[in-house]
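**Q** Here it is, the structure, as structure tokens.
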Amino acid sequence: MNVGDRITVTVGGIAHGGHCVARHDGRVIFLRYAIPGEEVIAEITDVTSKFARGLAIEILKASPDRVSAPCNLARPGGCGGCDFQHIEISAQRKLKSQIVKEQFSRVAKMEVDVEVIGVDPANGLGWRTRMDFTVNPERKVALYGARSHNLIPISKCLIADERMDLDSINQTKLPVGAKVEVAISQTGKQFVAIEGRENFDLIDEQVLNKNFSISPTSFWQSHIQAPEVLTNSVLGYLGVRAGDHVFDLYGGVGLFTAALATQVTDTGRVTLIELDAGAIIDAKRIFAEDQIVEIVEGKVERSLSKFKRADLILLDPPRSGAGKDVVNAMAKLEPRAIVYVSCDPASLARDATYLVELGYKLDGIQSFDLFPMTQHIECVARFLKIA
């Protein structure tokens with residue numbers, strides 16, 4: 001099998017990472033733009049000693065879940081921002097549920113029953129309030145193709161908030177190769193941060209009656225509904241009591257900290273731990289008048305070693321997950337519950353095995369489709385300490 005070969009295959013199951021699995025002459029092929037059960041002509045794009053990658057360039061037998069992608073760039077050779085525009089939206093969520101179940105079964109040897117819950121907008125378009133672009137040689141904002149260094153110019157992104165105006169950004173003299181971060185606030189105002197130009201306004205957001213003033217470069221949930229959906233899920237799972245000491249690990253600017261601070265009341269404490277210096281600046285400004293919020297800048301595992309006990313721990317780590325050192329540091333504080341927000345079911349399943357080894361049990365898991373049209377999945381899992 002060589003790059004450029006075209007072969008006919010029957011598509012197998014969905015795989016973590018936005019691909020489906022097919023086999024040809026005993027070799028596994030990870031296919032983009034396919035759906036389980038289809039018969040397709042695949043063009044091979046990459047070959048290793050263990051597997052190959054390919055694109056479904058012609059559909060010979062289509063799945064009933066196949067639809068016409070709303071964006072003409074959601075295709076082989078197009079933009080790599082979306083993985084599943086060719087799949088009907090409810091079918092996307094069923095496939096994502098399968099991915100979560102498969103990761104827990106394979107990695108953690110746990111059987112979980114989880115439904116990926118859809119949130120508005122129901123059609124999976126117009127949800128994204130944060131986007132990162134790169135300036136192409138023609139000085140226009142662009143996105144990279146899938147597994148490619150090719151820059152695809154974007155005049156309008158269909159999964160972006162409809163108020164995102166890329167034409168206005170392209171009217172400015174953008175520096176070639178620069179990163180451009182675009183954000184839309186709840187009020188509909190557009191904020192643009194251009195690499196090398198450090199002057200930008202703070203973005204005002206509000207979640208559950210708490211105001212946040214953040215820089216465009218600080219992390220904020222990209223789905224327009226995500227801050228409120230995830231906050232409500234976290235609060236429902238944690239079971240905060242008045243007087244609790246709650247840790248918010250990888251706490252960013254303090255989205256969850258704000259809600260936790262109202263629940264622990266004046267007799268409790270919330271400790272936010274974050275490594276990113278920009279997020280720390282934002283958090284210190286946001287909670288400047290809040291005496292029960294403690295903000296710690298540093299690595300999570302190192303920072304946790306300075307504490308003796310925790311009542312509850314919430315963590316929302318990067319896609320790579322928390323890892324064994326952080327899990328060990330959390331367990332030493334003996335919290336009665338740990339709630340884990342994850343954008344990657346594989347790293348969540350791996351860390352679940354560490355938690356089980358240290359005396360915790362997976363008590364519940366929720367999943368939300370906060371990245372429709374893409375492979376990404378948001379999960380919220382609760383682990384309880386075994387008595």
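The values are calculated or read from the model by the stated rules, or taken from the named source; none is laboratory data. All figures in this text were calculated on a predicted structure; none of them were measured in a lab. Counting neighbours? That spans all protein chains shown, and the Cβs are built from the backbone with ideal geometry, glycine included.
**Q** Among the numbered criteria (1) free of Cβ contacts under 8 Å to residues at least 60 places away in the same chain; (2) not assigned by TED's automatic domain parsing to the domain that holds residue 308, which one does residue 259 miss?
**A** Every listed condition holds for residue 259 apart from (2).
**Q** Counting only residues that are touching a Phe, Trp or Tyr at 6+ places or on another chain (Cβ under 7 Å) and not β-branched (Val, Ile, Thr), which one in the range 186-203 is farthest from residue 140 (Cα to Cα)? Quick ask: steps written out before the conclusion?
**A** As a first pass, look at the range 186-203 and keep what is touching a Phe, Trp or Tyr at 6+ places or on another chain (Cβ under 7 Å): 191, 193, 200-201, 203.
When the remaining residues are screened for being not β-branched (Val, Ile, Thr), the result is 191, 193, 200-201.
Numbers: 191: 17, 193: 15, 200: 20, 201: 22 Å.
Filtering first and then ranking leaves 201.
**Q** Can you name the number of the only condition in (1) closer than 21 Å to residue 301 by Cα; (2) without any contact (Cβ under 8 Å) to a residue 24 or more places away in the chain that residue 274 fails?
**A** Condition (2) is where residue 274 drops out.
**Q** Looking only at residues in the range 340-387 that are farther than 25 Å from residue 228 by Cβ and small (Gly, Ala, Ser), which one is surrounded by the most Cβ atoms within 10 Å (Cβ to Cβ)?
**A** Top of the filtered list is 352.
**Q** Within the range 196-213, track down each residue that is crowded, with 19+ Cβ neighbours inside 10 Å and touching a Leu at 6+ places or on another chain (Cβ under 6 Å).
**A** none
**Q** Could you check residue 326 against (1) assigned to a strand (DSSP E or B); (2) in contact with a Pro (Cβ under 8 Å, 6 or more places away or on another chain) and say which number it fails?
**A** For residue 326, the exception is condition (1).
**Q** In the range 85-109, which residues are assigned to a loop (DSSP other than H, G, I, E, B) and either surrounded by 17 or more Cβ atoms within 10 Å (Cβ to Cβ) or within 19 Å of the chain's Cα centre (by Cα) (or both)? Show your work before the answer.
**A** Going residue by residue through the range 85-109, those that are assigned to a loop (DSSP other than H, G, I, E, B) are 85-86, 88, 109.
Matches in the range 85-109: 85, 86.
**Q** Within the range 339-361, can one find any residue that is farther than 22 Å from residue 233 by Cα and aromatic (Phe, Trp, Tyr)?
**A** Yes; the residues of the range 339-361 include at least one that is farther than 22 Å from residue 233 by Cα and aromatic (Phe, Trp, Tyr).
**Q** Exactly one condition in (1) surrounded by 13 or more Cβ atoms within 10 Å (Cβ to Cβ); (2) modelled with pLDDT of 95 or more is false for residue 216; which is it?
**A** (2)
**Q** Restricting attention to the range 196-238, report how many residues are in a loop (DSSP other than H, G, I, E, B) and acidic (Asp, Glu). Outline the logic, then answer.
**A** Going through the range 196-238, the residues in a loop (DSSP other than H, G, I, E, B) turn out to be 196, 198-202, 208-209, 215-222, 224-225.
Right, trim to acidic (Asp, Glu) and you get 198, 201.
Qualifying residue count, the range 196-238: 2.
**Q** Sticking with this one: Check whether at least one residue in the range 290-309 is aliphatic (A, V, I, L, M), under 30 Å from residue 159 (Cβ atoms) and under 24 Å from the mean Cα position of the chain (by Cα), and report yes or no. Working first, answer last.
**A** Looking only at the range 290-309, we keep the residues that are aliphatic (A, V, I, L, M), and these are 292-293, 295-296, 300, 304.
Going one step further and asking which of them are under 30 Å from residue 159 (Cβ atoms), we end up with none.
Checked the range 290-309: no residue is aliphatic (A, V, I, L, M), under 30 Å from residue 159 (Cβ atoms) and under 24 Å from the mean Cα position of the chain (by Cα).
**Q** Between a first residue in the range 129-155 that is on the phi > 0 side of the Ramachandran plot and a second residue that is at pLDDT 95 or above and charged (D, E, K, R), which pairs have beta carbons less than 8 Å apart while being 6 or more apart in sequence or on different chains?
**A** So the pair list comes out as 147/53.
**Q** Going by the conditions given, is residue 382 touching a strand residue (DSSP E or B) at 6+ places or on another chain (Cβ under 6 Å) and among the basic types (Lys, Arg)? Step through it out loud before you land on a result.
**A** Working: touching a strand residue (DSSP E or B) at 6+ places or on another chain (Cβ under 6 Å): yes; among the basic types (Lys, Arg): yes.
Yes: the conditions hold for residue 382.
**Q** Still on this model: If a residue must be buried (at least 18 other Cβ atoms within 10 Å of the Cβ) and in a loop (DSSP other than H, G, I, E, B), how many such residues does the range 154-195 contain?
**A** 8
**Q** Also, quick follow-up: Kindly list, by first and then second residue, each pair from a residue in the range 295-323 that is closer than 21 Å to residue 360 by Cα to a residue that is assigned to a loop (DSSP other than H, G, I, E, B) and hydroxyl-bearing (Ser, Thr, Tyr), limited to pairs with Cβ atoms under 9 Å and residues at least 6 apart or on different chains.
**A** Short answer, once both residue conditions are applied: 300/250; 315/250; 316/250; 317/250; 322/250.
**Q** Got at least one residue in the range 292-305 being buried (at least 19 other Cβ atoms within 10 Å of the Cβ), acidic (Asp, Glu) and more than 30 Å from residue 90 (Cβ to Cβ)?
**A** no
**Q** Another one. Among the candidates 62, 22, 56, which residue alone is of a type in the set (Gly, Ala, Ser), over 27 Å from residue 105 (Cβ atoms) and free of Cβ contacts under 8 Å to residues at least 60 places away in the same chain?
**A** Working: 22 fails: over 27 Å from residue 105 (Cβ atoms); 56 fails: over 27 Å from residue 105 (Cβ atoms).
Within the list 62, 22, 56, the selection yields 62.
**Q** Identify, from the list 228, 195, 205, 162, the residue that is touching a Lys or Arg at 6+ places or on another chain (Cβ under 8 Å) and among the acidic types (Asp, Glu).
**A** On the way: 228 fails: touching a Lys or Arg at 6+ places or on another chain (Cβ under 8 Å); 205 fails: touching a Lys or Arg at 6+ places or on another chain (Cβ under 8 Å); 162 fails: touching a Lys or Arg at 6+ places or on another chain (Cβ under 8 Å).
Criteria check complete, one pass: 195.
**Q** Being aromatic (Phe, Trp, Tyr), within 30 Å of residue 102 (Cα to Cα) and touching a Lys or Arg at 6+ places or on another chain (Cβ under 9 Å) is the filter here, so list the residues in the range 114-153 that pass it.
**A** Step one: of the range 114-153, the residues aromatic (Phe, Trp, Tyr) are 127, 133, 144.
From what is left, the residues that are within 30 Å of residue 102 (Cα to Cα) are 127, 144.
Those that are aromatic (Phe, Trp, Tyr), within 30 Å of residue 102 (Cα to Cα) and touching a Lys or Arg at 6+ places or on another chain (Cβ under 9 Å): none in the range 114-153.
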